[in-house]
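Reviewing the structure listed below.
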2 protein chains.
Amino acid sequence: MAELPDKGTAFIDWYLAVVEAADLTDKRYPVKGMNVWTTYGFRARRNLDAVMVREIEATGSEAVEFPALIPANEFAKEKEHIKGFDNEVYWVTKGGATPLDVPLVLRPTSETAMYPVFAMWVRSHRDLPLNVYQIVNTFRYETKTTRPFVRVREIHFFEEHTCQVDEDHATERVRSNLGAFRRMAEAFCLPYLTTRRPDWDKFAGAHYTIAFDIPLAGARTLQLGSVHHYRENFSRPYGITYEAPDGSQRHVHQTTFGLSERLLGAIVAVHGDAKGAVFPSAIAPYEVVVVPILGTDSGPGPIQTAEAATDRLRRAGRRVRLDAGDERPGAKYYRWELHGVPLRLEIGRREAEGRSVTIVDRLGRKGTVPLDRLETGVAERLADFDRALRERARTAFAGSVTPARVLDDLKDSVTVRLVGWCGSEECGHQIETAIDGALLGTLEEALPNPLEAPTRCIACGTSDGVRSAIAGRPM
Amino acid sequence: MAELPDKGTAFIDWYLAVVEAADLTDKRYPVKGMNVWTTYGFRARRNLDAVMVREIEATGSEAVEFPALIPANEFAKEKEHIKGFDNEVYWVTKGGATPLDVPLVLRPTSETAMYPVFAMWVRSHRDLPLNVYQIVNTFRYETKTTRPFVRVREIHFFEEHTCQVDEDHATERVRSNLGAFRRMAEAFCLPYLTTRRPDWDKFAGAHYTIAFDIPLAGARTLQLGSVHHYRENFSRPYGITYEAPDGSQRHVHQTTFGLSERLLGAIVAVHGDAKGAVFPSAIAPYEVVVVPILGTDSGPGPIQTAEAATDRLRRAGRRVRLDAGDERPGAKYYRWELHGVPLRLEIGRREAEGRSVTIVDRLGRKGTVPLDRLETGVAERLADFDRALRERARTAFAGSVTPARVLDDLKDSVTVRLVGWCGSEECGHQIETAIDGALLGTLEEALPNPLEAPTRCIACGTSDGVRSAIAGRPM
C-alpha cells in the first residue's frame, strides 16, 4: 500500500487518499459526484444517523418522510428560495415515454415539498409546535469540483422543519437546535464555530441563518450544517395558518435545521492523520478489532481467547470485528489503523495464558485489561480514547483560529481569523476581499478557544456596535 | 369518527379508510401515488425495516447504498430488463437549465446501478460470495390506480443483490433468502404462499423467479416480494467475472431478493378488522398505550401510577405511549384500537390502590398484571398476542385457498385456488383465462394449510409431471 500524502502540506490529496484507502466510498460510479456507500462507509453513516436521531428526538422531534419529487408549481412559490436553487436542481420531465404535464424537481431540500402539506396539518394552536425531521437523500446539480462527503450531487441529508406559534417560539427552537448540535458534536469529538451569517449569505428565503463551521488546513473552513429562522417567509406563500386561542387566524413562524454526510467528511478531515482515518467511538464502523497473534508454538490458545473475547464484546453491544485471517499481525495493524478503528485487542500466547489482553488505541496508547473485566475495561478505554481525541482536536482548533487587527493582516492568512466587524455590508465586503474568502458571520456562541474580543471594526476602525466575527476561505 | 366500511363486502374501501383513519399515510401530497410518511406511519416503517435488517444480516449480508440515478447507457445494457421497465421509469433530463448529455433514470430497482460497480469489486474467487443489500426508495411511473403502500410511485424498497461462484451457490442463496423471509413473516404474523412464477411472468432478466403472495378478499392476491436467480444473465452484459482457483476467468451467478413497503399494506390488510388496524408487536408504532382513568374522586393515584408504569416500560426497551389527555377513556380506547396498538394498560383508582393493572389486548382479551412484575407481564402478554394474531391469520388463510378440480370451477372463484398443472404454457393460459386472473406459479414450499396435492392437470387432464400450482387474481 502506497504511503498517504502529507496532511499538512497536501491536505486535499491526503483527504481523497484516506477516504479511498479506508474504503469509505467508491467514486467510480458512472455519474460524477454520485458515489457508492460501501459496506464500511455505510456502517459509519448508520452510526452518524443514530447520533442525529437520538439527539433530535430528545428535543421532541418526530421522524417523517416526504416524497423526493416536487411539482414545479409548488417549488416556485417562494421567490427567494427558488432563485437560490434554480441553477442546481435536477428536472424530471418524462414518465416512460410520456412528457409530464407538470415537471418535477428532485428535492434539493424539502421546504417546498413539506409546506403545502403542513398547511393541511396545522389548523389550530393545539397542533403547534409541529417539530418533524427526515433523513433522506437530496440532489444538487453541482458544477464545482465534487469531493466525497463534502460536495456531492446526491447528498445524505438530515432536515428538521418546525412550525411555531410566533417569532419568539421559533427563536426558542433555534436555541434548542444549537443545543442538540452541541451534543451531537460532543459525540463526533468535533470543536466548531457557530456564527450568524451576514445577510448577503443567508439561506434562500431565511430571515436569518446560523451556521456551524470547522477550520481546515490554512484559512479554509467547512460548513457542517445550519439552523434557519424563517419568520413567516414561507408560511405566507404556502398559507400555513392556525386559529389562535382568541379565534384569530395567524401565520406560523418556521425554523429548519440541516445537517448532512459532510459531517462524516469533517470527522475524517479533523481526526485523520498520517496513518489514515480515526473515528470517534460513536461513529466507528467497528469500535474494536480483535487480532489473535499466532506463533509457531502458540497452539489454539490465542484464537480461542480471541473468539471468546469477540463474542463477549458483541453480547455487550459493542461493534467488534475479529480479524483471524492468515496475514501477519503487522499487516492487520496497518489496515485497521488506516480504517480508523479506535481500539485493537492483541491476543498472543502470553495474553491467552496470562488471562489478560493488550489494548492499543488508535492514538497509539497501550495498556492491558484482565479478561475477567473485559467489557468494563473496553468501555473505559473507549471513553478515554474519545476524551483524548476531543482534546487533540481542541488543540488543533486553537491553532487554527487567530485574531487579526488590520485588513492587511488578512491577506496571507494561514489560519481562520477572528476580526471585529461593525456590521455594515461595505466593511463586510472589504474583509472578504482582504482575506480572499468570506465573512462567515458574527459569533453566536463562544469560541472553543477563548480569544479576546476585538474592540474595533477591522475595516473602518469604529468601535460602535462592533461584534466578534469570523473570516475564512470556505471550501 | 365515521364507521369503517365493511372489510368482508367492501375490502378496498375498508383498506383505504383504515390507512387514513389510523394516520399511517397522507395521500394529499400534490403528486398522485407519492404519499407522505406521517410520524405514525414512519414508526411502523422503521420497525418493519429493523426486522428486515436483522434477518438479512443474520444470513451474512451487509448494507450498502448506490446512487438513485442511473445513466441511460448503463440502464440499457441488459435487453430483457430494460424492456421490462421502459414504460415505467422517470427520466431526469435537465440539470439546472442545462440538458444532460446522458439522461438519467430514477432507479426502478438497482441491478443496472450496482452491476457496473460489482464488475470492479469482484476480481477473484476470494471476493465471493458478495452479499449486499440496500433499503432505499425506488420510483415507478405507475399508470394503474395507486393505493397507499400497495401500489405507489415512490416505493420504500429492500433489495439484496448477490454474486456467487456458480449456479449451485446461487441456488443456495435463493434457499437462504426463502428462510430469511420465513423468519420475517413470523414477526409479521403473516402466513403466505411461495410459488415459482411461470416463465411468462418472471422478472425481467431472471432465469427464474420465486414470489411470496398472500390471499386477500375473494380470489385476490397480493405479491409481497420475490427472489430471483439470474444465472449469468446480468454478469455477461456487465462483465462481472472472477479468477477461479485454477486461473480461469468465470462469470458470477447472481441472485436478488426484493421486498417493499407493500409488507406494511399486507399487515394492515390481513390483521385489520372492523375496529381498525392491528399491528403485530414487532411492527407496532407503540406496543403499549397506558391510559389513566380519572374519576372525580380518584386523586393523583392513577396518573402517578400510569407515569411510573410508562417510565418503567420505556426503560425496559418497550415502545410505549402514555395518553394522559383530558378526553374520556372510551374515546382513547377507540383511538388506540383504530391505530392498532397491541396492548392497552388501564389504570384507575382500583388499579393504583391494588398495585396491579388491567391489560386489554387488541383482540379484546382482558387480564391483570401485578405492578411488581409489570415488565415480564407485558412481555408475556405481547408474545401471547402475537401467537393469537398468527393463529387468527392462519385460520383466515385456510379459508382463502381452496382446491379446484376442473376449469369450470375456477370461473366464479371466491378464494384463491390450488390446481394441478402439467407445466405447459397452453394449459397455464387456459387456467388464467378461466379464473380471469393469473397462474401465480407452482408451489415452492408447502402451504400453511395442508391440502391434498392435485394429481391431474386441471386444463388437459394429464397426470404426467403434474405440480401443485396456485391461481388467483393479483391486485
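Computed from the coordinates by the stated procedures, all read-outs in this text should not be read as laboratory data. Quantities reported herein were computed from a predicted structural model and do not represent experimental measurements. Don't worry about glycine lacking a Cβ; one is built from the backbone with ideal geometry, like all the others, and counts go over all protein chains shown.
Observations on the structure shown:
- Here, segment A:249-385 is characterised by an Rg to Rh ratio of 1.16, where Rg is the alpha-carbon radius of gyration and Rh the Kirkwood radius.
- Pairs of Cα atoms farther than 13 Å apart, segment A:1-66, %: 73 percent
- For segment A:401-474, DSSP calls about 75 percent of its internal beta bridges antiparallel.
- Simple point charges give the picture: +1 on the Cβ of Lys and Arg, -1 on the Cβ of Asp and Glu, and for the protein assembly as shown a dipole about the Cα centre of about 740 debye.
- Across peptide A:59-67, the mean count of Cβ atoms from other chains lying within 10 Å of each residue's own Cβ comes to 6.
- Ascending count of other beta-carbon atoms within 10 Å, so fewest first, for B:TRP14, A:TRP121, A:TRP421: A:TRP121, B:TRP14, A:TRP421
- The smallest convex shape that holds all Cα atoms of the protein assembly as shown, its convex hull, gives 200 Å³ per residue.
- Shape category assigned to segment A:401-474 from the gyration tensor of Cα positions, a/c cut at 1.5: rounded
- Between identical copies, the spacing of A:ALA324 label points, each set 7 Å from Cα toward the C-beta atom, reads 5.1 nm from nearest to farthest.
- Inter-copy spacing of B:VAL165 label points, which lie 7 Å from Cα along Cα→Cβ, given in nm from shortest upward: 6.9
- Cβ-based charge dipole, chain B, positive-most Cα from B:LEU259, B:SER235, B:VAL288: B:VAL288
- Fraction of beta bridges assigned by DSSP in segment A:11-271 that are antiparallel (%, nearest 5): 95 percent
- Between the C-alpha center of segment A:122-141 and that of segment B:263-294 there is a gap of 25 Å.
- D by Stokes-Einstein for segment A:101-179, Kirkwood Rh over Cα pairs, 10 °C, 1.306 mPa s: 107 µm²/s.
- Both numbers refer to the Cα atoms of segment A:352-415; Rg and Dmax are 20.3, 66 Å.
- 15 Å beta-carbon shell around A:GLY340, net charge (K/R +1, D/E -1): +3
- Flagged links, alpha-carbon separation over 29 Å, of A:LYS83/B:LYS32; A:LYS32/A:LYS83; B:LYS32/B:LYS332; B:LYS27/B:LYS332: B:LYS32/B:LYS332
- 11 Å beta-carbon shell around A:LYS366, net charge (K/R +1, D/E -1): +1
- When only the Cβ of Lys, Arg, Asp and Glu is charged (+1, +1, -1, -1), the dipole of segment B:288-382 relative to its Cα centre reaches about 340 debye.
- Relative contact order (percent, whole number), segment A:288-384, Cα cutoff 8 Å, 6+ residue spacing: 31 percent
- Segment A:138-283 shape via C-alpha gyration tensor axes, a/c threshold 1.5: prolate
- Of the chymotrypsin sites (Phe, Trp or Tyr not before Pro) found in segment A:36-86, none is in coil by DSSP with at most 13 other Cβ atoms within 10 Å of its Cβ.
- Charge dipole (debye, nearest 20) of chain A; +1 at Cβ of Lys and Arg, -1 at Cβ of Asp and Glu: 920 debye
- Partner chain coverage, peptide A:20-29 - average Cβ within 10 angstrom: 2
- Computed over the protein assembly as shown, the per-residue total of -39500 (n - 2.57) for DSSP H runs of n ≥ 4 gives a 222 nm mean residue ellipticity of -10000 deg cm²/dmol, rounded to 500.
- Each copy carries a label point for A:ARG355 at 7 Å from Cα along the beta-carbon vector; from one copy to the others these points are 4.2 nm apart, nearest first.
- Simple label model, 7 Å out from Cα along Cβ direction - A:GLU172 to B:LYS144, nm: 5.0 nm
- Across peptide A:89-102, the average count of Cβ atoms from other chains found within 10 Å of a residue's Cβ is 6.
- In angstrom, the C-alpha Rg and Dmax of chain A are 25.0, 85.
- Projecting the Cα atoms of B:THR358, B:ALA383, B:LEU451 onto the charge dipole of chain B (Cβ charges, centred on the Cα centre) puts B:THR358 farthest toward the positive pole.
- All-pairs alpha carbon distance profile, segment A:202-325, 10 Å steps from 0, percent: 11, 21, 19, 16, 15, 10, 5, 2, 0
- Antiparallel bridge percentage (DSSP; both residues within segment B:288-382; nearest 5): 55 percent
- Taking every C-alpha pair closer than 8 Å and separated by at least 6 residues, the mean separation divided by the residue count of chain A gives a relative contact order of 14 percent.
- Cut-off 11 Å between beta-carbons: net charge of the residues surrounding B:THR143, Lys and Arg +1, Asp and Glu -1: +3
- Fewest-first sequence of A:GLU74, B:GLU232, A:GLU426 by Cβ atoms within 10 Å of each Cβ: A:GLU426, B:GLU232, A:GLU74
- Mean-position separation - Cα centroids, segment A:364-428 and segment B:397-475, in angstrom: 69 Å
- Cα shape, segment B:27-113, gyration tensor, a/c 1.5 rule: oblate
- For A:LYS32, A:LYS144, order by how many other beta-carbon atoms lie within 10 Å, fewest first: A:LYS144, A:LYS32
- The relative contact order of segment B:401-474 comes to 42 percent, based on Cα pairs under 8 Å that sit 6 or more residues apart.
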